[in-house]
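A short write-up of the structure that comes next.
The values are calculated or read from the model by the stated rules, or taken from the named source; none is laboratory data. Note that the structure is a prediction, hence the values are computed from the model and not measured. Positions of Cβ are generated from backbone atoms using ideal geometry, with glycine treated the same way; all protein chains shown enter the neighbour counts.
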Amino acid sequence: METIKKFLKGVWTFLNSRIFVIALIVFLFIFLAGQCSRIINNQEEIRRRDQNISALTDSLEFVKRKNGELLVLKDGYIATIGELTAINKGLADKVKDQDGKILSLTNTVIRLKQDSIELAKHVDRLNTIIGKLKQVSADKYMAPWQLVFKYDANNYLRLNGNTFIQVMNIDPFQMRHDTTYLVKFENQIELTYGHKLEKGKMRVWAESAFPGFTVKSMNGVLLDRSEWGDILPANERRWFSGFGTGPSISAGWNILEAKPAVIMGWSFHYNVYNWYTRRK
């Protein structure tokens, strides 16, 4: 009986102490901080969901720059592999097919198309060659040729081939085109592409000055950081990261003796701020 009275007296003393008031304030602060953290996490989840919905429905945007380059943009995904499999299995399969840890991936189908006017504008006549006819049989001749289309220092097209001509009649002279073979094809295209943040959304983009360059389809994903593992060492600083457990030493209240005490042992706690370094 005496012990119960002593215990109740200690509880009453604690409830009327400054330590209880401080502990209550700290608890309320942690509770509110936790609520804020959950709200922030929910907002991030909503933003990511909206980003992925936009990526599913967005169409290609074509922008012609002042320097003549064509810029093509489209909203991209931000997802884990599992999430990406559910919303775009084809893109997820391409990520899975790669070796190593993938941070981001863009799949683009590029189309190059030029008409005779555009080709004539850029033909490099200094490097265009029409060789002499070489007789290959009694009635057939071959003419080797090379066509070069130079657009700038980093973009060009070089074609090499052989054209065969058949002599049909001597008098009057008649001939016909027999066949043409393309024996060498060399095409250099400067292409710039990547991910960027624009107007609050993550977008994938591709850009080139090659004439006739366009994009038929484009999809990209920035893999969620949880998929990266420990590939990028970085100092992590996190506020209100949640509850945890572990050994601790702290100031407390001895209820039986109705006085402050130092408490050592295993505790259940809430992490207000974490700092650590991730390693490879």
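Residues in region 178-205 that are over 20 Å from residue 59 (Cα atoms) and out of contact with any Ser or Thr (no Cβ under 7 Å at 6 or more places or on another chain): 178, 179, 181, 182, 183, 184, 185, 186, 187, 188.
Mind telling me which of the residues 207, 186 ends up being surrounded by 11 or more Cβ atoms within 10 Å (Cβ to Cβ) and part of a strand (DSSP E or B)?
Within the list 207, 186, the selection yields 207.
Let's see how each residue does on (1) surrounded by fewer than 16 Cβ atoms within 10 Å (Cβ to Cβ); (2) at pLDDT below 95; (3) assigned to a strand (DSSP E or B):
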position: 211; (1), (2), (3): no, yes, no
position: 226; (1), (2), (3): yes, yes, no
position: 230; (1), (2), (3): yes, yes, no
position: 235; (1), (2), (3): yes, yes, yes
position: 238; (1), (2), (3): yes, yes, yes
position: 244; (1), (2), (3): yes, yes, yes
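On the stretch given as region 66-91, residues that are touching a residue at least 40 places away in the same chain (Cβ under 8 Å), part of a loop (DSSP other than H, G, I, E, B) and more than 15 Å from residue 217 (Cα to Cα) total 4.
Counting residues in region 206-219 that are in contact with a helix residue (DSSP H, G or I) (Cβ under 8 Å, 6 or more places away or on another chain), under 22 Å from residue 58 (Cα atoms) and in contact (Cβ under 8 Å) with a residue 12 or more places away in the chain gives one or more.
Scanning region 68-93 for residues that are among the polar types (S, T, N, Q) and more than 20 Å from residue 110 (Cα to Cα), which turns out modelled with the lowest pLDDT?
Among those residues, the one meeting the criterion is 80.
Residue-level check: of (1) more than 37 Å from the chain's Cα centre (by Cα); (2) at pLDDT 90 or above, residue 157 misses just (1).
The residues of region 98-111 that are surrounded by 10 or more Cβ atoms within 10 Å (Cβ to Cβ) and either of a type in the set (D, E, K, R) or in the same structural domain as residue 177 (by TED's automatic domain parsing) (or both), listed by number, are 101, 111.
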